[in-house]
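Below you'll find the structure, written out as structure tokens, and then a few comments.
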Amino acid sequence: MKRRDFLRQLSVLPLAPGVVAATYGLEGVASGVIPSSGERLPVIGMGSWLTFDVGTSSHGRASRTKVLKTFFDNGGTLVDSSPMYGSSEAVIGHCLKQIEGEQLFSATKVWTPGRWLGVKQMERSVSLWHELPMDLLQVHNLLDWKTHLKTLRSWKEEGRVRYIGVTTSHGRRHDALAEIMRTEPIDFVQLTYNIVDREAEQTLLPIALDKGIAVIANRPFKHSLLFDPVRHLPVPGWARDIDCDNWAQIFLKFAVSHPAVTCAVPATSRVDHMQENMGALKGTMPNAAQRLAMAVHYASL
């Protein structure tokens, strides 16, 4: 698609209402709501795909402990992982033991076919995280979702997990995800959403608002690809209007300022990048008009 055609299409995409979902609590940390309970979460969480898959390396684990502590020290709570992410869950569990006492919102997934294997996998996750109940368990990429949602509902009734949900990524299977959101009693959905990948605005995010489903935005940096056109560019002057000091904060505030989005889960293995990410918890959030201007500006680069 030519750039001018992309910009024309971008300008007519459905916009969120001129209301920002995030509100500010103690210490000015922006939070989004979990509609099924009214509980609020800081709008910046932490992902762990690739970044926490360091196995038994003592150096790797020590450095990830610093990253996780920086996340907590700056107001973060939701940490997201999956059995799909190699050793990430084991590493997170190790790090948590080094920094006990932090306010954690634990979020992981089940990613295997069949009920028996699913139960075994979830039990292993609980043991790795040292968390019971888990705060959130999700069916990863809709794999055998009917089977696992039945188990997750039982676990929720038994008090073994507080919230349940489903995830998808890469923009795949949006029609199936939309149907699940319309018909299944879930608390959370996780999907890809960023300043370039905005397909979710057309159907999924409106359904989430209508059905009262919390949304976790994954890939808010598009695997760091969003930085490629701007790596050597200063932030534009309008970034001051939304209190952004760097491009990471611009990208994150775009994602979490949509009224349907509860939080975003950027992943990093570096303390300095974590500090940049957590800066998006503070200051002014963009409104609908600013969000459109941000998207158009980025597409023009």
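The values are calculated or read from the model by the stated rules, or taken from the named source; none is laboratory data. All figures in this text were calculated on a predicted structure; none of them were measured in a lab. With ideal geometry, Cβ positions are generated from the backbone for all residues, glycine too; neighbour counts draw on all protein chains shown. Please note that ligands, DNA and RNA were not included when accessible areas were found on the heavy atoms of the full protein model with its side chains. Shrake-Rupley method; radii C 1.70, N 1.55, O 1.52, S 1.80 Å.
Listed values, structure above:
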| quantity | calculated |
| --- | --- |
| First in segment 262-283 and under 19 Å from R64 (Cα atoms), second anywhere and in a helix (DSSP H, G or I) and open to solvent by 50 Å² or more (accessible area, probe 1.4 Å), Cβ under 8 Å, 6 or more apart | V271/K66 |
| Checklist (1) open to solvent by less than 20 Å² (accessible area, probe 1.4 Å); (2) without any contact (Cβ under 8 Å) to a residue 40 or more places away in the chain applied to Q103, failing item | (1) |
| Matching residues, segment 269-301, being more than 16 Å from V43 (Cα to Cα) and not in a helix (DSSP H, G or I) | S269, R270, S300, L301 |
| Evaluation of A178 against (1) in contact (Cβ under 8 Å) with a residue 24 or more places away in the chain; (2) over 20 Å from G47 (Cβ atoms); (3) open to solvent by 10 Å² or more (accessible area, probe 1.4 Å) (one fails), failing number | (3) |
| Residue that is surrounded by the fewest Cβ atoms within 10 Å (Cβ to Cβ) [pool: residues in segment 27-47 that are more than 14 Å from the chain's Cα centre (by Cα) and part of a loop (DSSP other than H, G, I, E, B)] | G38 |
| When residues of segment 197-210 are limited to those that are without any contact (Cβ under 8 Å) to a residue 40 or more places away in the chain and out of contact with any Leu (no Cβ under 7 Å at 6 or more places or on another chain), the one least open to solvent (accessible area, probe 1.4 Å) | I207 |
| Exclusive hit being touching a helix residue (DSSP H, G or I) at 6+ places or on another chain (Cβ under 8 Å) and more than 23 Å from I216 (Cβ to Cβ), set K97, K66, K109, K120 | K66 |
| Only one of N218, N246 that is in contact with a helix residue (DSSP H, G or I) (Cβ under 6 Å, 6 or more places away or on another chain) and open to solvent by 10 Å² or more (accessible area, probe 1.4 Å) | N246 |
